[in-house]
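Have a look at the structure below before the remarks.
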Amino acid sequence: MRITAADVLVSSPGRNFVTLRITTEDGMVGLGDATLNGRELAVAAYLSEHVVPLLLGRDAHLIEDTWQYLYRGAYWRRGPVTMASIAAVDTALWDIKAKVAGLPLYQLLGGRSRRGCLTYGHASGAELPELFDSIRYHQEQGYRAIRIQTGVPGLSSVYGVASSANATAGAGGVTTRYDHEPARRSAVPVEEQWDTRAYLRHIPGIFEAVRNEFGPELPLLHDAHHRLTPIQAAKLGKSLEPYDLFWLEDVTPAENQAVLRRVREHTTTPLAIGEVFNTIWDYRELFEEQLIDYVRSPVTHAGGITGLRRIFDYAAVYQIKSGVHGPTDVSPVGLAAAVHLGVAIPNFGIQEYMKHSASTDDVFQPSYRFEDGLLIPGEDPGLGVSYDQVLADSFPYQAAYLPVNRLLDGSMHDW
Ligand SMILES: [Mg+2]
(Lines give C-alpha, C1' and ligand atoms only; values in the text may rest on other atoms or scores of the structure.)
Protein backbone atom coordinates (compact mmCIF):
# COMPACT_ATOMS: atom_id res chain seq x y z
CA MET A 1 0.00 0.00 0.00
CA ARG A 2 2.21 2.79 -1.34
CA ILE A 3 2.06 6.38 -0.16
CA THR A 4 1.18 8.57 -3.13
CA ALA A 5 0.75 11.97 -1.47
CA ALA A 6 1.69 13.75 1.75
CA ASP A 7 0.29 17.25 2.20
CA VAL A 8 1.44 19.70 4.86
CA LEU A 9 -1.60 21.77 5.82
CA VAL A 10 -1.18 24.99 7.81
CA SER A 11 -4.30 26.76 9.04
CA SER A 12 -5.54 28.89 11.92
CA PRO A 13 -9.13 28.03 12.85
CA GLY A 14 -9.04 29.61 16.32
CA ARG A 15 -5.27 29.17 16.49
CA ASN A 16 -2.45 27.83 14.33
CA PHE A 17 -2.22 24.14 13.45
CA VAL A 18 0.11 22.11 11.25
CA THR A 19 -1.51 18.93 9.96
CA LEU A 20 0.03 16.21 7.81
CA ARG A 21 -2.32 14.33 5.49
CA ILE A 22 -0.96 11.11 3.96
CA THR A 23 -2.80 9.46 1.07
CA THR A 24 -2.15 5.94 -0.27
CA GLU A 25 -2.49 4.50 -3.76
CA ASP A 26 -5.86 2.97 -2.87
CA GLY A 27 -7.21 6.24 -1.53
CA MET A 28 -6.79 5.69 2.22
CA VAL A 29 -6.17 8.96 4.09
CA GLY A 30 -4.42 9.41 7.44
CA LEU A 31 -3.90 12.54 9.53
CA GLY A 32 -1.11 13.55 11.88
CA ASP A 33 -0.66 16.62 14.10
CA ALA A 34 2.68 18.48 13.81
CA THR A 35 1.73 21.68 15.65
CA LEU A 36 4.59 23.26 17.60
CA ASN A 37 3.13 26.35 19.25
CA GLY A 38 5.00 29.50 18.21
CA ARG A 39 7.35 27.61 15.85
CA GLU A 40 4.72 26.11 13.53
CA LEU A 41 6.37 27.03 10.24
CA ALA A 42 9.68 25.43 11.19
CA VAL A 43 7.93 22.04 11.43
CA ALA A 44 5.94 22.69 8.24
CA ALA A 45 9.21 23.38 6.37
CA TYR A 46 10.94 20.33 7.93
CA LEU A 47 8.08 18.15 6.74
CA SER A 48 7.74 19.68 3.27
CA GLU A 49 11.43 19.92 2.48
CA HIS A 50 12.92 16.90 4.23
CA VAL A 51 10.23 14.32 5.07
CA VAL A 52 7.54 14.34 2.39
CA PRO A 53 10.04 13.52 -0.42
CA LEU A 54 11.16 10.45 1.57
CA LEU A 55 7.61 9.21 2.17
CA LEU A 56 6.39 9.06 -1.40
CA GLY A 57 6.42 5.46 -2.64
CA ARG A 58 6.98 3.92 0.82
CA ASP A 59 4.66 1.19 2.12
CA ALA A 60 2.18 2.89 4.50
CA HIS A 61 2.01 -0.28 6.64
CA LEU A 62 5.65 0.04 7.76
CA ILE A 63 4.99 2.17 10.84
CA GLU A 64 7.94 1.08 13.00
CA ASP A 65 10.37 0.99 10.10
CA THR A 66 9.31 4.49 8.99
CA TRP A 67 9.77 5.78 12.54
CA GLN A 68 13.29 4.36 12.71
CA TYR A 69 14.03 5.54 9.16
CA LEU A 70 13.16 9.14 10.05
CA TYR A 71 14.71 9.09 13.55
CA ARG A 72 18.01 7.33 12.84
CA GLY A 73 18.15 8.49 9.25
CA ALA A 74 18.15 12.18 10.14
CA TYR A 75 21.52 11.77 11.90
CA TRP A 76 20.51 14.89 13.95
CA ARG A 77 18.42 13.14 16.55
CA ARG A 78 15.72 14.39 18.90
CA GLY A 79 14.55 17.99 19.27
CA PRO A 80 11.00 19.36 19.09
CA VAL A 81 10.96 20.10 15.34
CA THR A 82 12.26 16.66 14.33
CA MET A 83 10.08 14.79 16.81
CA ALA A 84 6.89 16.69 15.95
CA SER A 85 7.53 15.85 12.30
CA ILE A 86 8.08 12.17 13.07
CA ALA A 87 4.97 12.26 15.29
CA ALA A 88 2.81 13.54 12.44
CA VAL A 89 3.98 10.80 10.07
CA ASP A 90 3.60 8.09 12.72
CA THR A 91 0.10 9.21 13.75
CA ALA A 92 -1.08 9.43 10.13
CA LEU A 93 0.21 5.90 9.45
CA TRP A 94 -1.57 4.51 12.53
CA ASP A 95 -4.74 6.28 11.35
CA ILE A 96 -4.41 4.58 7.95
CA LYS A 97 -3.68 1.14 9.41
CA ALA A 98 -6.74 1.33 11.66
CA LYS A 99 -8.92 2.46 8.76
CA VAL A 100 -7.68 -0.47 6.66
CA ALA A 101 -8.55 -2.77 9.56
CA GLY A 102 -11.96 -1.09 9.89
CA LEU A 103 -11.37 -0.51 13.61
CA PRO A 104 -11.07 2.50 15.91
CA LEU A 105 -7.37 2.97 16.63
CA TYR A 106 -7.52 1.91 20.29
CA GLN A 107 -8.40 -1.61 19.13
CA LEU A 108 -5.01 -1.90 17.43
CA LEU A 109 -3.28 -0.69 20.61
CA GLY A 110 -4.65 -3.59 22.66
CA GLY A 111 -8.30 -2.61 23.09
CA ARG A 112 -9.99 -0.79 25.92
CA SER A 113 -8.58 -0.87 29.44
CA ARG A 114 -11.16 1.71 30.61
CA ARG A 115 -14.31 3.48 29.45
CA GLY A 116 -12.65 6.81 28.80
CA CYS A 117 -9.82 9.11 29.82
CA LEU A 118 -10.34 11.09 33.03
CA THR A 119 -9.60 14.73 32.27
CA TYR A 120 -8.71 17.85 34.19
CA GLY A 121 -9.74 21.38 33.22
CA HIS A 122 -8.20 24.76 33.92
CA ALA A 123 -9.73 27.08 36.50
CA SER A 124 -8.13 30.42 37.18
CA GLY A 125 -8.86 33.82 38.67
CA ALA A 126 -6.93 36.90 39.60
CA GLU A 127 -8.67 36.87 43.01
CA LEU A 128 -10.36 34.17 45.09
CA PRO A 129 -14.04 34.92 44.22
CA GLU A 130 -13.25 34.75 40.51
CA LEU A 131 -11.26 31.54 41.04
CA PHE A 132 -14.15 29.94 42.98
CA ASP A 133 -16.58 30.87 40.18
CA SER A 134 -14.23 29.38 37.63
CA ILE A 135 -13.93 26.11 39.63
CA ARG A 136 -17.75 25.88 39.92
CA TYR A 137 -18.11 26.55 36.20
CA HIS A 138 -15.74 23.69 35.37
CA GLN A 139 -17.54 21.35 37.75
CA GLU A 140 -20.83 22.22 36.02
CA GLN A 141 -19.15 21.39 32.70
CA GLY A 142 -18.48 17.90 34.09
CA TYR A 143 -14.81 18.15 35.03
CA ARG A 144 -13.90 15.92 37.97
CA ALA A 145 -10.34 17.23 38.41
CA ILE A 146 -9.23 20.84 38.18
CA ARG A 147 -5.97 22.75 37.74
CA ILE A 148 -5.80 25.97 39.70
CA GLN A 149 -3.79 29.08 38.77
CA THR A 150 -4.18 32.50 40.36
CA GLY A 151 -2.88 36.02 40.23
CA VAL A 152 -0.08 37.02 42.59
CA PRO A 153 -0.33 40.27 44.58
CA GLY A 154 1.98 42.90 43.12
CA LEU A 155 2.14 41.31 39.64
CA SER A 156 -0.05 42.82 36.93
CA SER A 157 -0.55 39.56 35.03
CA VAL A 158 0.48 35.94 35.52
CA TYR A 159 0.70 33.27 32.84
CA GLY A 160 -2.12 30.72 33.02
CA VAL A 161 -4.60 33.12 34.62
CA ALA A 162 -7.51 34.05 32.37
CA SER A 163 -8.79 37.58 32.15
CA SER A 164 -11.70 38.90 30.14
CA ALA A 165 -9.19 40.99 28.17
CA ASN A 166 -7.86 37.96 26.30
CA ALA A 167 -11.03 36.39 25.01
CA THR A 168 -11.03 33.75 22.30
CA ALA A 169 -13.98 31.80 20.95
CA GLY A 170 -15.49 29.58 23.61
CA ALA A 171 -16.22 25.87 23.34
CA GLY A 172 -19.31 24.91 21.38
CA GLY A 173 -19.82 28.47 20.21
CA VAL A 174 -20.78 29.56 23.72
CA THR A 175 -18.30 31.95 25.23
CA THR A 176 -18.10 32.65 28.92
CA ARG A 177 -15.23 34.41 30.60
CA TYR A 178 -14.16 31.04 32.02
CA ASP A 179 -13.70 29.59 28.53
CA HIS A 180 -11.11 32.22 27.69
CA GLU A 181 -7.71 30.83 27.07
CA PRO A 182 -5.36 32.03 29.76
CA ALA A 183 -2.36 32.47 27.46
CA ARG A 184 -2.13 35.86 25.83
CA ARG A 185 -0.96 35.29 22.24
CA SER A 186 0.23 38.07 19.97
CA ALA A 187 2.42 38.80 16.93
CA VAL A 188 5.18 39.90 19.28
CA PRO A 189 5.27 38.19 22.69
CA VAL A 190 3.55 40.02 25.54
CA GLU A 191 5.96 40.60 28.42
CA GLU A 192 4.73 39.40 31.80
CA GLN A 193 6.21 39.91 35.25
CA TRP A 194 7.39 37.43 37.80
CA ASP A 195 8.42 37.46 41.47
CA THR A 196 9.09 34.00 42.88
CA ARG A 197 9.08 35.03 46.56
CA ALA A 198 5.69 36.72 46.21
CA TYR A 199 4.35 33.62 44.44
CA LEU A 200 5.64 31.23 47.11
CA ARG A 201 4.07 33.35 49.87
CA HIS A 202 0.71 33.49 48.11
CA ILE A 203 -0.01 30.02 46.74
CA PRO A 204 -0.42 27.92 49.94
CA GLY A 205 -3.17 30.28 51.17
CA ILE A 206 -4.99 29.89 47.87
CA PHE A 207 -5.05 26.10 48.16
CA GLU A 208 -6.14 26.32 51.79
CA ALA A 209 -9.07 28.53 50.76
CA VAL A 210 -10.02 26.21 47.88
CA ARG A 211 -9.94 23.13 50.13
CA ASN A 212 -12.08 24.94 52.73
CA GLU A 213 -14.61 25.88 50.07
CA PHE A 214 -14.70 22.70 47.95
CA GLY A 215 -13.80 19.98 50.45
CA PRO A 216 -11.14 17.27 50.49
CA GLU A 217 -12.23 15.09 47.57
CA LEU A 218 -11.83 17.27 44.48
CA PRO A 219 -8.52 16.41 42.75
CA LEU A 220 -6.52 19.66 42.45
CA LEU A 221 -3.51 20.30 40.22
CA HIS A 222 -1.10 23.21 39.88
CA ASP A 223 1.51 24.24 37.30
CA ALA A 224 4.66 26.14 38.32
CA HIS A 225 5.72 26.59 34.65
CA HIS A 226 9.43 25.73 35.16
CA ARG A 227 10.00 28.87 37.25
CA LEU A 228 11.56 27.59 40.47
CA THR A 229 15.00 26.56 41.65
CA PRO A 230 15.22 23.09 43.22
CA ILE A 231 15.10 24.42 46.76
CA GLN A 232 12.16 26.73 45.97
CA ALA A 233 10.37 23.78 44.36
CA ALA A 234 11.01 21.66 47.44
CA LYS A 235 9.61 24.44 49.63
CA LEU A 236 6.48 24.78 47.48
CA GLY A 237 5.85 21.02 47.40
CA LYS A 238 6.22 20.85 51.18
CA SER A 239 3.97 23.85 51.81
CA LEU A 240 1.21 22.32 49.64
CA GLU A 241 1.24 18.89 51.30
CA PRO A 242 -1.72 19.67 53.63
CA TYR A 243 -3.90 20.31 50.55
CA ASP A 244 -3.30 16.90 48.97
CA LEU A 245 -2.57 17.87 45.37
CA PHE A 246 -3.11 15.38 42.55
CA TRP A 247 0.11 16.82 41.12
CA LEU A 248 2.48 19.75 41.05
CA GLU A 249 3.70 20.34 37.50
CA ASP A 250 6.96 21.59 35.97
CA VAL A 251 8.48 22.87 39.19
CA THR A 252 11.93 23.34 37.65
CA PRO A 253 13.36 23.69 34.14
CA ALA A 254 13.88 19.96 33.71
CA GLU A 255 16.80 19.98 31.32
CA ASN A 256 18.75 19.21 34.47
CA GLN A 257 16.98 16.04 35.56
CA ALA A 258 19.21 15.48 38.58
CA VAL A 259 17.79 18.51 40.44
CA LEU A 260 14.54 16.63 40.89
CA ARG A 261 16.35 14.50 43.49
CA ARG A 262 16.52 17.52 45.77
CA VAL A 263 12.81 18.23 45.32
CA ARG A 264 11.87 14.60 45.87
CA GLU A 265 13.89 14.35 49.09
CA HIS A 266 11.80 17.10 50.64
CA THR A 267 8.20 16.55 49.58
CA THR A 268 5.56 13.88 49.06
CA THR A 269 3.52 16.13 46.73
CA PRO A 270 3.28 14.16 43.44
CA LEU A 271 5.29 15.63 40.56
CA ALA A 272 4.46 15.82 36.85
CA ILE A 273 7.01 16.76 34.20
CA GLY A 274 7.73 16.45 30.50
CA GLU A 275 5.47 18.55 28.28
CA VAL A 276 8.57 19.96 26.58
CA PHE A 277 10.36 16.58 26.44
CA ASN A 278 10.29 14.75 23.15
CA THR A 279 12.04 11.40 23.53
CA ILE A 280 12.31 8.49 25.91
CA TRP A 281 15.90 9.54 26.65
CA ASP A 282 14.70 12.73 28.35
CA TYR A 283 13.01 10.62 31.04
CA ARG A 284 15.72 8.10 31.80
CA GLU A 285 16.99 9.52 35.09
CA LEU A 286 13.53 10.64 36.18
CA PHE A 287 12.11 7.14 35.68
CA GLU A 288 14.95 5.03 36.95
CA GLU A 289 15.21 7.02 40.18
CA GLN A 290 11.41 7.40 40.39
CA LEU A 291 11.75 11.17 40.66
CA ILE A 292 8.36 11.92 39.11
CA ASP A 293 4.85 10.46 39.19
CA TYR A 294 3.31 11.56 35.88
CA VAL A 295 4.60 11.85 32.29
CA ARG A 296 3.46 14.99 30.45
CA SER A 297 4.62 14.36 26.86
CA PRO A 298 1.87 14.46 24.22
CA VAL A 299 1.66 12.30 21.10
CA THR A 300 2.33 15.39 18.97
CA HIS A 301 5.71 16.27 20.47
CA ALA A 302 7.13 12.89 21.45
CA GLY A 303 7.38 10.98 18.19
CA GLY A 304 3.74 9.99 17.80
CA ILE A 305 1.91 6.96 19.10
CA THR A 306 4.97 4.77 18.60
CA GLY A 307 7.25 7.13 20.53
CA LEU A 308 4.84 7.88 23.37
CA ARG A 309 3.69 4.28 23.88
CA ARG A 310 7.32 3.29 24.32
CA ILE A 311 7.73 6.04 26.95
CA PHE A 312 4.59 4.87 28.80
CA ASP A 313 5.75 1.24 28.85
CA TYR A 314 9.09 2.35 30.28
CA ALA A 315 7.26 4.51 32.87
CA ALA A 316 5.07 1.58 33.92
CA VAL A 317 8.13 -0.31 35.16
CA TYR A 318 8.47 2.40 37.83
CA GLN A 319 4.74 2.82 38.64
CA ILE A 320 4.73 6.16 36.82
CA LYS A 321 1.52 7.12 35.02
CA SER A 322 0.49 9.16 32.01
CA GLY A 323 -0.65 12.77 32.33
CA VAL A 324 -0.66 13.90 28.72
CA HIS A 325 -0.30 17.59 27.83
CA GLY A 326 -3.56 18.77 26.26
CA PRO A 327 -3.50 22.49 25.49
CA THR A 328 -5.54 23.78 22.56
CA ASP A 329 -2.38 23.97 20.45
CA VAL A 330 -2.43 20.17 20.36
CA SER A 331 -4.92 19.80 17.50
CA PRO A 332 -7.96 17.49 17.64
CA VAL A 333 -5.80 15.02 15.66
CA GLY A 334 -3.19 14.99 18.43
CA LEU A 335 -5.85 14.86 21.13
CA ALA A 336 -7.70 11.99 19.44
CA ALA A 337 -4.43 10.05 19.27
CA ALA A 338 -3.88 10.67 23.00
CA VAL A 339 -7.41 9.48 23.82
CA HIS A 340 -7.04 6.25 21.82
CA LEU A 341 -3.70 5.60 23.51
CA GLY A 342 -5.06 6.61 26.91
CA VAL A 343 -7.96 4.16 26.92
CA ALA A 344 -5.62 1.32 25.94
CA ILE A 345 -2.53 1.64 28.15
CA PRO A 346 -2.39 0.03 31.61
CA ASN A 347 -0.79 3.03 33.35
CA PHE A 348 -3.14 5.84 32.37
CA GLY A 349 -3.24 8.67 34.93
CA ILE A 350 -5.13 11.71 33.65
CA GLN A 351 -5.55 13.73 30.44
CA GLU A 352 -5.36 17.54 30.28
CA TYR A 353 -8.34 18.88 28.34
CA MET A 354 -9.00 22.47 27.33
CA LYS A 355 -11.88 22.50 24.91
CA HIS A 356 -11.02 23.60 21.38
CA SER A 357 -12.82 26.56 19.86
CA ALA A 358 -15.91 25.98 17.71
CA SER A 359 -13.99 26.87 14.55
CA THR A 360 -11.25 24.35 15.41
CA ASP A 361 -13.83 21.59 15.87
CA ASP A 362 -15.62 22.63 12.66
CA VAL A 363 -12.43 22.05 10.68
CA PHE A 364 -11.42 18.76 12.35
CA GLN A 365 -14.84 17.28 13.24
CA PRO A 366 -13.50 15.00 15.98
CA SER A 367 -15.60 11.96 16.93
CA TYR A 368 -14.33 11.78 20.53
CA ARG A 369 -16.76 13.14 23.09
CA PHE A 370 -16.53 14.72 26.54
CA GLU A 371 -18.92 13.02 28.92
CA ASP A 372 -19.02 12.84 32.70
CA GLY A 373 -15.51 14.32 32.93
CA LEU A 374 -14.12 11.68 30.55
CA LEU A 375 -12.85 11.93 26.98
CA ILE A 376 -14.24 8.92 25.13
CA PRO A 377 -12.88 7.90 21.72
CA GLY A 378 -15.26 7.61 18.79
CA GLU A 379 -15.99 4.25 17.18
CA ASP A 380 -15.20 5.37 13.61
CA PRO A 381 -12.30 3.46 11.99
CA GLY A 382 -8.95 5.14 12.59
CA LEU A 383 -8.48 8.24 14.75
CA GLY A 384 -11.99 9.48 14.06
CA VAL A 385 -10.90 12.95 12.91
CA SER A 386 -11.22 14.55 9.46
CA TYR A 387 -9.97 17.79 7.92
CA ASP A 388 -12.22 20.19 6.02
CA GLN A 389 -9.60 21.83 3.83
CA VAL A 390 -11.96 24.35 2.21
CA LEU A 391 -13.04 25.64 5.60
CA ALA A 392 -9.48 25.47 6.97
CA ASP A 393 -8.17 27.56 4.07
CA SER A 394 -10.50 30.36 5.14
CA PHE A 395 -8.38 30.62 8.33
CA PRO A 396 -4.83 31.49 7.15
CA TYR A 397 -1.78 31.26 9.44
CA GLN A 398 -1.25 34.20 11.78
CA ALA A 399 1.97 34.75 13.71
CA ALA A 400 1.09 34.20 17.37
CA TYR A 401 3.56 33.87 20.21
CA LEU A 402 3.13 32.98 23.85
CA PRO A 403 4.16 35.62 26.41
CA VAL A 404 7.68 35.91 27.75
CA ASN A 405 8.47 36.27 31.41
CA ARG A 406 10.66 38.85 33.12
CA LEU A 407 11.65 39.35 36.73
CA LEU A 408 10.78 42.71 38.29
CA ASP A 409 14.32 43.97 37.56
CA GLY A 410 13.69 43.38 33.84
CA SER A 411 15.77 40.24 33.34
CA MET A 412 14.36 37.27 31.41
CA HIS A 413 13.13 34.34 33.49
CA ASP A 414 12.02 30.77 32.85
CA TRP A 415 8.46 29.80 32.16
MG1 LIG B 1 2.12 22.89 31.88
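The values are calculated or read from the model by the stated rules, or taken from the named source; none is laboratory data. Predicted model only: the values in this text are computed from it and were never measured. All Cβ positions, glycine included, derive from the backbone under ideal geometry; neighbour counts span all protein chains shown. Side chains are part of the model used for accessible areas, which takes the heavy atoms of the whole protein and leaves out ligands, DNA and RNA. Shrake-Rupley method; radii C 1.70, N 1.55, O 1.52, S 1.80 Å.
Most mobile of THR300, THR119, THR267 per a Gaussian network model of the chain (Cα springs, under 10 Å)?
Comparing THR300, THR119, THR267 in the GNM, the peak value goes to THR267.
Can you name the helices of the chain, as whole DSSP H runs, whose Cα span along the helix axis is 24 Å or more and whose Kyte-Doolittle mean is not below -0.5? Display every interim value, and only then the final one.
Details: long enough: 80-101 (31 Å, 0.85); 196-214 (27 Å, -0.26).
Sorted by number, the helices that extend far enough and score high enough are 80-101, 196-214.
What base-10 log of the normalised intensity I(q)/I(0) is obtained for segment 74-168 from the Debye formula, alpha carbons as equal point scatterers, at q = 0.12, 0.14, 0.16, 0.21 Å⁻¹?
-0.72, -0.83, -0.87, -0.96
Please sort 372-384, 30-42 by packing, taking for each peptide the average over its residues of neighbouring beta carbons within 10 angstrom, highest first. If you can, show how the numbers build up before the last one.
Details: 372-384: 20.8, 30-42: 23.2.
Those peptides, ordered most packed to least, come out 30-42, 372-384.
I need the GluC sites (Glu not before Pro) found in segment 194-267, filtered to DSSP loop residues with at most 14 other beta carbons within 10 Å of theirs.
Numbers: sites: GLU208, GLU213, GLU217, GLU249, GLU255, GLU265; in loops: GLU217, GLU255.
In loop regions of segment 194-267 (DSSP not H, G, I, E or B), the sparsely surrounded GluC sites (Glu not before Pro) are GLU217, GLU255.
Normalising by the residue count of the chain, find the relative contact order in percent from Cα pairs under 8 Å and 6+ residues apart.
Numbers: 921 pairs, mean separation 93.1, N = 415.
Taking the mean separation of contacting Cα pairs over the length of the chain, I get 22 percent.
Non-local amide H neighbours of GLU249 (under 5 Å, H modeled in plane, Pro and chain starts lacking H): which ones?
Counting only residues 5 or more places away or on other chains, the set is HIS222, ASP223, ALA224, ALA272.
Toward the positive end of the charge dipole of the chain, about the Cα centre and with charges on Cβ (Lys, Arg +1; Asp, Glu -1), which of VAL190, TYR294, ALA400 goes farthest?
Comparing the listed Cα positions along the dipole, TYR294 ranks first.
Sort the following peptides by mean Cβ neighbour count (other Cβ atoms within 10 Å, averaged over residues), highest first: 238-248, 81-91. Show your work: numbers first, answer last.
On the way: 238-248: 18.6, 81-91: 28.7.
So the peptides 238-248, 81-91, ranked by packing, come out 81-91, 238-248.
Order these peptides, 49-60, 96-107, by their mean beta-carbon neighbour count within 10 angstrom, highest first. Let's see the in-between values first.
Details: 49-60: 15.8, 96-107: 19.6.
Listed from highest to lowest mean packing, they are 96-107, 49-60.
Shape verdict for the chain, please, from the Cα gyration tensor: rounded (a/c under 1.5), prolate (a/b greater than b/c) or oblate. Walk me through the numbers on the way to the answer.
Working: a/c = 1.62, a/b = 1.49, b/c = 1.09.
Prolate is the answer for the chain, as a/c is 1.5 or above and a/b outweighs b/c.
Per residue, what accessible area does the chain have, given a 1.4 Å probe and all protein chains present, in Å²?
Values: 16130 Å² over 415 residues.
Roughly 39 Å² per residue, with all protein chains present.
Run the dipole for the chain about the Cα centre, Lys and Arg Cβ at +1, Asp and Glu Cβ at -1, nothing else charged, and hand back the magnitude in debye, nearest 20. Before the final figure, lay out the partial values.
Numbers: 36 positive and 49 negative charges, 125 e Å.
It works out to roughly 600 debye.
Just report the Cα centroid separation between segment 314-329 and segment 45-79, whole Å.
Value for the Cα centre distance between the two parts: 25 Å.
Consider a paramagnetic label point 7 Å from the Cα of ASP26 along Cα→Cβ; state which residues of segment 79-116 have an amide N under 14 Å from it.
What the label zone holds, given the 14 Å backbone N cut-off, is 96-103.
Specify the residue with the greatest mean-square fluctuation among VAL333, VAL299, VAL363, computed from a Gaussian network of the chain linking alpha-carbon atoms under 10 Å apart.
In the Gaussian network model the winner is VAL363.
If I model a spin label at GLU371 and LEU56 as a point 7 Å from the Cα along the Cα→Cβ vector, what separation in nanometres do I get?
4.4 nm
Tell me, what % of the accessible area of the chain is carbon and sulfur with a 1.4 angstrom probe? Don't skip to the answer; put the middle values down first.
On the way: 8260 of 16130 Å².
That fraction is 51 percent.
Give, to the nearest whole percent, the P(r) tail of segment 302-415 beyond 22 angstrom, counting all Cα pairs.
Values: 2985 of 6441 pairs.
The calculated P(r) of segment 302-415 puts 46 percent of pairs beyond 22 Å.
For GLU265 and ARG211, what does the FRET efficiency come to when R0 = 30 Å and r is the distance between their Cβ atoms, rounded to the nearest 0.05?
Efficiency for this residue pair is about 0.75.
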